[in-house]
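Following: one structure in structure tokens, then a few remarks.
A short reminder: the numbers here are calculations on the coordinates, not readings from a lab. In this text, all values refer to a predicted model and were calculated from it rather than measured experimentally. Methodologically, a virtual Cβ is constructed for each residue, glycine included, from the backbone with ideal geometry; neighbour enumeration extends over all protein chains shown.
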Amino acid sequence: MSGAEIKAAARKAAMARRAEAFAARGAADAGHLSEVLAGYRGVPLSGYMPIRSEIDPLPAMEEAAAHGPVGLPVIEAKGRPLSFARWEPGMALTEGPFGARVPERIEPMVPEILIVPLLAFSRAGGRLGYGGGFYDRTLEALRAMRATLAIGFAFAAQEDGEVPLSPTDQPLDMVVTEREVIEVAR
């Protein structure tokens with residue numbers, strides 16, 4: 001199997017595991033994420049609006065927004081890094097590319113912490129995304145400017161010890177699930 005075929009098979013299996021975890025989700029799934037973000041009060045961060053069966057970071061984002069700037073990723077074009085628009089709880093949103101909601105009025109911001117959605121993760125900081133490379137390009141660009149913390153947010157069931165990686169894949173610094181916080185050793 002080629003690298004692309006291996007990643008495609010891994011994505012399919014990861015989506016199935018995530019869907020099962022999503023069906024069993026609970027109200028406190030973002031509790032550990034809130035605890036982690038409390039240690040970074042006021043630091044600009046980006047979350048995401050959950051789509052499909054992604055774990056919901058909104059409770060933690062709402063808490064963080066009371067202490068500092070919070071943004072949402074904006075897809076500008078295929079093959080380009082993400083940009084970020086300032087977000088506040090309750091603000092008007094519109095549908096962006098791939099079904100992710102974005103603020104109606106774009107106020108640019110640059111995060112130092114990214115809460116990153118994913119299909120599968122490893123305890124070594126590997127991340128399997130949807131295959132567009134948006135977060136990899138974005139993290140590479142942000143990390144070239146300054147230290148940027150990438151926090152994978154996922155259901156514990158999304159853990160996979162054998163996440164297929166490519167040389168361009170950017171590692172996560174930490175993974176937070178509904179059950180635990182996983183610090184990635186570097």
Using the Cα gyration tensor of the range 45-186, the equivalent ellipsoid's semi-axes, largest first and to the nearest Å, work out to 23, 17, 15
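Taking the Cβ of H32 as the center, what net charge do the other residues with Cβ under 10 Å away carry, scoring Lys and Arg +1 and Asp and Glu -1? Please report the intermediate quantities before stating the final value.
Numbers: positive: R179; negative: D29, E35, E178, E180.
Result for the local shell: -3.
Using the Cα centre as the reference, give the magnitude of the dipole from point charges on the C-beta atoms of the range 45-186 (Lys, Arg: +1; Asp, Glu: -1; all else neutral), rounded to the nearest 20 debye. Intermediate results must be reported in sequence, preceding the final value.
On the way: 13 positive and 20 negative charges, 87 e Å.
That gives the range 45-186 a dipole magnitude of about 420 debye.
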Rounded to the nearest Å, the spacing of the alpha-carbon centers of the range 1-41 and the range 100-156 is 13 Å
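For the chain, what is the mean residue ellipticity at 222 nm derived from helices alone (per DSSP H run of n ≥ 4: -39500 (n - 2.57); sum divided by total residues; nearest 500 deg cm²/dmol)? Let's see the in-between values first.
Working: 4 runs with 49 residues, N = 186.
The per-residue figure over the chain is -8000 deg cm²/dmol.
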For the range 1-126, the dipole about the Cα centre with charges only on Cβ (Lys and Arg +1, Asp and Glu -1), to the nearest 20 debye, works out at 540 debye
